[in-house]
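Asker: One structure follows; several queries about it will come next.
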Amino acid sequence: MSIKTEKIWMDGQLVPWEDAKIHVLSHGLHYGTGYFEGIRCYELANGRSAVFRLQEHMQRLADSGKILGFPLPFSVEQMCQATVDVIRANKLKACYVRPLAFLGLGELGVYAPNNPVNVIIAVWPWGAYLGDDGIKNGIRAKVSSYTRHHVNATMTKSKTSANYVNSVLAKAEVKKAGYDEAIMLDTEGYVSEASGENIFIVRKGVIKTTPLTSILPGITRESIITLARDKGYTVVEERFTRDELYIADEAFFTGTAAELTPIREVDDRQIGAGRRGPVTEDIQNTFFDVIKGKSGEKYAGWLYAV
Ligand code: PPE
């Protein structure tokens with residue numbers, strides 16, 4: 001799928017895709033001083049389009065800027081409106097939405113407090129992140145040799161561009177070894193998250209996910225916890241170890257790009273029956289109904305009309 005479209009929103013204006021350029025001396029390019037979001041716009045069952053939890057994503061973008069100390073120069077409301085504008089300008093029914101804010105051109109050197117914060121929003125069609133087969137039948141994951149960020153190193157609750165070098169290393173390592181996705185352990189050795197997803201396990205009917213310490217506070221994670229509890233499942237946010245993952249009945253990843261992807265194998269050990277488990281399938285079906293606007297009024301507030 002191509003990332004080439006008609007328009008990109010850049011610092012308040014819609015510009016042609018080929019003109020959305022920056023200077024090579026931009027601060028963000030040198031030091032990874034940017035923060036971003038990944039959001040999905042879905043085509044609903046009624047043929048309209050809606051962005052899933054747009055305000056929550058834009059609030060997290062603003063939070064990232066606050067954590068890093070170079071705040072977002074647009075309000076959450078302006079960012080939501082800009083997202084709608086750029087989706088409409090590109091005439092897309094369903095797409096991935098990528099807002100990015102970064103320190104721009106000015107001074108170089110790590111301390112550049114007067115550089116501008118530039119902001120873009122790009123959109124493009126993006127299918128199943130870990131493959132259509134992965135969504136249905138599950139994927140093969142491997143625990144990476146790279147540790148997830150320490151909570152006092154780069155700030156894990158900010159979706160900082162530089163943080164993703166850790167994901168790039170981990171993902172490349174396991175892909176080269178023939179696996180689909182990398183799971184990382186935290187600095188104390190407990191399961192943290194994957195290169196671009198949060199992780200859940202199911203054992204004896206209880207759903208468990210890692211607490212919000214070293215992980216990105218995933219919006220899909222929070223949505224899945226809410227949906228599962230509303231369906232009557234017990235969901236706990238507790239640390240768990242690598243071997244607890246091995247003996248889980250079911251496991252799955254959540255993320256905007258990955259949506260809800262079952263894990264059928266970890267470190268060459270089959271998880272449960274080695275395919276999408278019944279609890280995973282139940283919650284996945286509920287999630288897909290919600291994002292298509294098929295759940296009535298209950299979760300309608302999660303869908304931001306385009
Ligand atoms: N952890 C990480 C490290 C992460 O990157 C994501 C999203 C999540 C958890 C899940 O967060 P949420 O999308 O709010 O449920 N990863 C984004 C980027 C993936 C990429 O390759 O780029 C995404 O899914 O959009």
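Asker: Taking 35 Å as R0, compute the FRET efficiency from the Cβ-Cβ separation of residue 154 and residue 4 and round it to 0.05. Write down the numbers at each step before the final one.
Answerer: Values: r = 31 Å, r/R0 = 0.90.
Step by step, r from the Cβ atoms, then E = 0.65.
Asker: On to the next question. Can you compute the FRET efficiency between residue 11 and residue 230 using 1/(1 + (r/R0)^6), with r the Cβ-Cβ distance and R0 = 41 Å? Round to the nearest 0.05.
Answerer: The value I calculate is 0.55.
Asker: Within region 57-150, which trypsin sites (Lys or Arg not before Pro) sit in a loop by DSSP and count at most 15 neighbouring Cβ atoms inside 10 Å?
Answerer: For trypsin sites (Lys or Arg not before Pro) across region 57-150 that sit outside H, G, I, E and B with at most 15 neighbouring Cβ atoms in 10 Å, the list reads 91, 93.
Asker: Here is a follow-up. With only alpha-carbon atoms counted, please give the Rg and Dmax of the chain, in Å.
Answerer: 19.3, 56
Asker: Among the aspartates and glutamates, which fall within straight-line cross-link reach of residue 4, defined as a Cα-Cα distance under 18 Å, with same-chain neighbours fewer than 8 residues apart omitted?
Answerer: Within reach: 18, 19, 85.
Asker: So what's the angle, to the nearest 10 degrees on a 0 to 90 scale, between helix 219-230 and the longest Cα principal axis of the chain?
Answerer: 40
Asker: Something else now. Rounded to the nearest 0.05, what FRET efficiency do residue 66 and residue 282 give with R0 = 51 Å and r taken as the Cβ-Cβ distance? Could you check? It would help to have the intermediate numbers written out before the result.
Answerer: Details: r = 37 Å, r/R0 = 0.73.
Efficiency, from the Cβ-Cβ distance: 0.85.
Asker: Give, in nm to one decimal, the length gained when the segment between residue 300 and residue 108 is fully stretched (0.36 nm per residue of separation minus the Cα-Cα distance).
Answerer: Values: separation 192, 0.36 × 192 = 69.12 nm, distance 4.57 nm.
That pair, residue 300 and residue 108, stretches by 64.6 nm at full extension.
Asker: Follow-up question, since we're still on this one. For region 45-124, just say rounded, prolate or oblate: build the C-alpha gyration tensor, square-root its eigenvalues into a ≥ b ≥ c, call rounded for a/c under 1.5, and beyond that prolate if a/b exceeds b/c, oblate if not.
Answerer: prolate
Asker: Mean separation of Cα pairs under 8 Å and 6+ residues apart, divided by the residue count of the chain: what relative contact order is that in percent?
Answerer: About 20 percent, as a whole number.
Asker: Among the listed pairs 66/171; 176/231; 91/157; 91/142; 208/294, which have their C-alpha atoms separated by more than 31 angstrom in this model?
Answerer: Cα-Cα > 31 Å for 176/231; 91/157; 91/142; rest within.
Asker: Next question, about the same structure. How much length, in nm to one decimal, is gained on full extension between residue 75 and residue 176, taken as 0.36 nm per residue of separation minus their Cα-Cα distance?
Answerer: 32.2 nm
Taken together, the values in this text are just the output of simple stated rules run on the coordinates, not laboratory data. Here the structure is a predicted model, which means the values were calculated and not measured. Every residue, glycine as well, gets a Cβ built from its backbone with ideal geometry; the counts of neighbours run over all protein chains shown.
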